[in-house]
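The values are calculated or read from the model by the stated rules, or taken from the named source; none is laboratory data. It should be emphasised that the depicted structure is a prediction, and the values quoted were computed from it without experimental measurement. Cβ: placed from backbone, ideal geometry, glycine included. Neighbour counts: every protein chain shown. In case anyone asks, the SASA skips ligands and DNA or RNA and just uses the protein heavy atoms, side chains included. Shrake-Rupley method; radii C 1.70, N 1.55, O 1.52, S 1.80 Å.
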Amino acid sequence: MAIRTPNELSMNGTTCISNFFLGKDFNDYSLTSGGWSQQSVVDPGTIWTASTFGGEIYGKISGFYSSTNHNSENWLISPPINLSTSTNPVLQFETAANYTGNLLQVMVSTNYTSGLPATATWVPLSGYNLSPQSGWVWTASGLISLSPYKTSNTRIAFKYTSTTTASATYELDDILVME
């Protein structure tokens, strides 16, 4: 798409985001920019990394390294999101995956501040699409309602786990929280 003059640009209508609360696209090759954090609960060797393939930059995690699967639990946690004045906040993201293993979990907390995730209450979100664990197919999550979590300290987390027998690899991109 090319915009030849500013008169051709319209930021009105159903395709524009009216309230944008959080975005993460990894295009700066950083996992922690914008206040994001990573917490390794089990196996600090399994970590989220910024990765690239075919010109696309994304977050990536796998419990398979050094030619073997590892037990792991690792969280990628958003900064606090102020949803207290929102009407109908939603989360969306994209995933791609390969190999067999535990599903990537999406969690939400309204009382997390820092450190290990166990210091807060986390609720698993449901009703989203994940990429099948084969073939690296980018899959849009769909819109996930965050309406029950309209506080000034809402956090979103992506919880990855693996075992010594199964370590799926997940890629994550284009995380948005908006109205």
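Only one of GLY135, GLY142 is at positive phi, part of a loop (DSSP other than H, G, I, E, B) and at pLDDT 95 or above; which? Let's see the steps before the verdict.
Details: GLY135 fails: at pLDDT 95 or above.
Every option except GLY142 fails the conditions.
What residue, among those in the stretch 77-102 that are more than 13 Å from the chain's Cα centre (by Cα) and under 30 Å from THR165 (Cβ atoms), is most open to solvent (accessible area, probe 1.4 Å)?
TYR99
Any chance you could count how many residues in the stretch 115-132 are over 14 Å from the mean Cα position of the chain (by Cα), crowded, with 18+ Cβ neighbours inside 10 Å and either in a loop (DSSP other than H, G, I, E, B) or modelled with pLDDT under 95 (or both)? Working first, answer last.
Filtering the stretch 115-132 for residues over 14 Å from the mean Cα position of the chain (by Cα) gives 115-123, 127, 132.
Okay, now just the ones that are also crowded, with 18+ Cβ neighbours inside 10 Å, so 117, 120, 122.
Remaining after also requiring either in a loop (DSSP other than H, G, I, E, B) or modelled with pLDDT under 95 (or both): 120, 122.
Qualifying residue count for the region: 2.
Out of the stretch 50-74, which residues are more than 13 Å from TYR29 (Cβ to Cβ), open to solvent by less than 70 Å² (accessible area, probe 1.4 Å) and not charged (D, E, K, R)?
Those that are more than 13 Å from TYR29 (Cβ to Cβ), open to solvent by less than 70 Å² (accessible area, probe 1.4 Å) and not charged (D, E, K, R): ILE61, SER62, GLY63, TYR65, THR68, ASN69, HIS70, SER72, ASN74.
Under 22 Å from THR161 (Cα atoms), open to solvent by 40 Å² or more (accessible area, probe 1.4 Å), of a type in the set (A, V, I, L, M, F, W, C) and in contact with an Asp or Glu (Cβ under 6 Å, 6 or more places away or on another chain) - does that describe any residue in the stretch 32-45?
Yes, that holds for at least one residue.
Could you tell me which residue of the stretch 145-166 is surrounded by the most Cβ atoms within 10 Å (Cβ to Cβ), considering only residues that are in contact (Cβ under 8 Å) with a residue 12 or more places away in the chain and part of a helix (DSSP H, G or I)? Quick ask: steps written out before the conclusion?
Initially, the stretch 145-166 is screened for residues in contact (Cβ under 8 Å) with a residue 12 or more places away in the chain, giving 145-147, 149-166.
Then drop every residue that is not part of a helix (DSSP H, G or I), which leaves 147, 149.
Working: SER147: 11, TYR149: 20.
Only one residue tops the list, namely TYR149.
Out of (1) without any contact (Cβ under 8 Å) to a residue 12 or more places away in the chain; (2) touching a Lys or Arg at 6+ places or on another chain (Cβ under 8 Å), the odd one out for MET107 is which?
Here MET107 clears every test but (1).
Taking interchain pairs and intrachain pairs at least six residues apart, which have beta carbon atoms under 6 angstrom, with the first residue in the stretch 48-68 and over 16 Å from PHE158 (Cβ atoms) and the second modelled with pLDDT of 95 or more?
That search, which allows pairs on different chains as well, returns ILE57/PHE26; ILE57/ASN27; PHE64/SER167.
Determine if the stretch 3-11 includes at least one residue that is out of contact with any Ser or Thr (no Cβ under 9 Å at 6 or more places or on another chain) and at pLDDT 95 or above. Show your work before the answer.
Our first condition is that a residue be out of contact with any Ser or Thr (no Cβ under 9 Å at 6 or more places or on another chain); within the stretch 3-11, this holds for 3-11.
Then drop every residue that is not at pLDDT 95 or above, which leaves none.
Within the stretch 3-11, not a single residue is out of contact with any Ser or Thr (no Cβ under 9 Å at 6 or more places or on another chain) and at pLDDT 95 or above.
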